[in-house]
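Enquirer: Take this structure, written in structure tokens, and hold onto it; I'll ask about it next.
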């Protein structure tokens, strides 16, 4: 069964990076964007994604910043959109320098921060 590639966009809470001081949020987000670019070769967009509803390992799942990643149990630090038709990069506390997961664009919904 194929899932339509037209995710619903929802706006939610104010942007944050868990475990990062408020004064360093923007600097750290820029660093994560640079790490994603270096690790994947893709230029992240400016979208600030709070969560994804998607299918992982054959199960419906939710990946959300500040919550545990359903795959490895690590805290999700950031979700970056790596470009049109390119995957979402999910950073966790497991590796601060590269996305722990790459999620394809066929997701059920994308929630952006305010």
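The values are calculated or read from the model by the stated rules, or taken from the named source; none is laboratory data. Keep in mind the model is a prediction, meaning the values are calculated, not measured. A quick note on method: Cβ atoms are made from the backbone with ideal geometry, for glycine too, and the neighbour counts reach across all protein chains shown.
Enquirer: For region 55-65, name all the residues that are in contact (Cβ under 8 Å) with a residue 40 or more places away in the chain and over 16 Å from residue 77 (Cβ atoms). First the steps, then the outcome.
Expert: As a first pass, look at region 55-65 and keep what is in contact (Cβ under 8 Å) with a residue 40 or more places away in the chain: 55-56, 60, 63-65.
Those that are in contact (Cβ under 8 Å) with a residue 40 or more places away in the chain and over 16 Å from residue 77 (Cβ atoms): 55, 56, 60.
Enquirer: For residue 49, state whether it is within 20 Å of residue 19 (Cα to Cα) and buried (at least 18 other Cβ atoms within 10 Å of the Cβ).
Expert: So residue 49 passes the test.
Enquirer: Sticking with this one: Being part of a strand (DSSP E or B), in contact with a strand residue (DSSP E or B) (Cβ under 9 Å, 6 or more places away or on another chain) and more than 24 Å from residue 114 (Cα to Cα) is the filter here; which residues of region 56-72 pass it?
Expert: First pass over region 56-72, keeping only residues part of a strand (DSSP E or B): 56, 59-64, 68.
Filter once more, keeping what is in contact with a strand residue (DSSP E or B) (Cβ under 9 Å, 6 or more places away or on another chain): 56, 60-64, 68.
Matches in region 56-72: 56, 60.
Enquirer: OK, next. Can you tell me which residue within region 18-54, out of those that are under 14 Å from residue 77 (Cα atoms), outside any helix (DSSP H, G or I) and in contact (Cβ under 8 Å) with a residue 60 or more places away in the chain, is farthest from the chain's Cα centre (by Cα)?
Expert: The qualifying residue farthest from the chain's Cα centre (by Cα) is 19.
Enquirer: If I filter region 73-92 down to residues being in a loop (DSSP other than H, G, I, E, B) and in contact with a strand residue (DSSP E or B) (Cβ under 7 Å, 6 or more places away or on another chain), which single residue comes out as nearest to residue 21 (Cα to Cα)? Break it down into steps so the answer makes sense when it comes.
Expert: Just the residues of region 73-92 that are in a loop (DSSP other than H, G, I, E, B), to begin with: 73-74, 82-87.
Right, trim to in contact with a strand residue (DSSP E or B) (Cβ under 7 Å, 6 or more places away or on another chain) and you get 74, 82, 87.
Details: 74: 19, 82: 25, 87: 28 Å.
Checking each candidate, the answer is 74.
Enquirer: Please determine whether any residue of region 48-68 is in contact with a helix residue (DSSP H, G or I) (Cβ under 7 Å, 6 or more places away or on another chain) and at pLDDT below 95. Working first, answer last.
Expert: Narrowing region 48-68 to residues in contact with a helix residue (DSSP H, G or I) (Cβ under 7 Å, 6 or more places away or on another chain): none.
Scanning region 48-68, I find no residue that is in contact with a helix residue (DSSP H, G or I) (Cβ under 7 Å, 6 or more places away or on another chain) and at pLDDT below 95, so the answer is no.
Enquirer: Considering region 57-87 alone, what residues qualify as being surrounded by 14 or more Cβ atoms within 10 Å (Cβ to Cβ) and more than 15 Å from residue 104 (Cβ to Cβ)?
Expert: Matches in region 57-87: 62, 64, 65, 66, 68, 69, 70, 74, 75, 76, 77, 78.
Enquirer: Within region 93-102, take every residue that is assigned to a strand (DSSP E or B) and either surrounded by fewer than 20 Cβ atoms within 10 Å (Cβ to Cβ) or modelled with pLDDT of 95 or more (or both) and give me the one that is farthest from the chain's Cα centre (by Cα).
Expert: The initial filter retains those residues of region 93-102 that are assigned to a strand (DSSP E or B), namely 95, 101-102.
When the remaining residues are screened for being either surrounded by fewer than 20 Cβ atoms within 10 Å (Cβ to Cβ) or modelled with pLDDT of 95 or more (or both), the result is 95, 102.
Values: 95: 14, 102: 9 Å.
Ranking the candidates gives 95 first.
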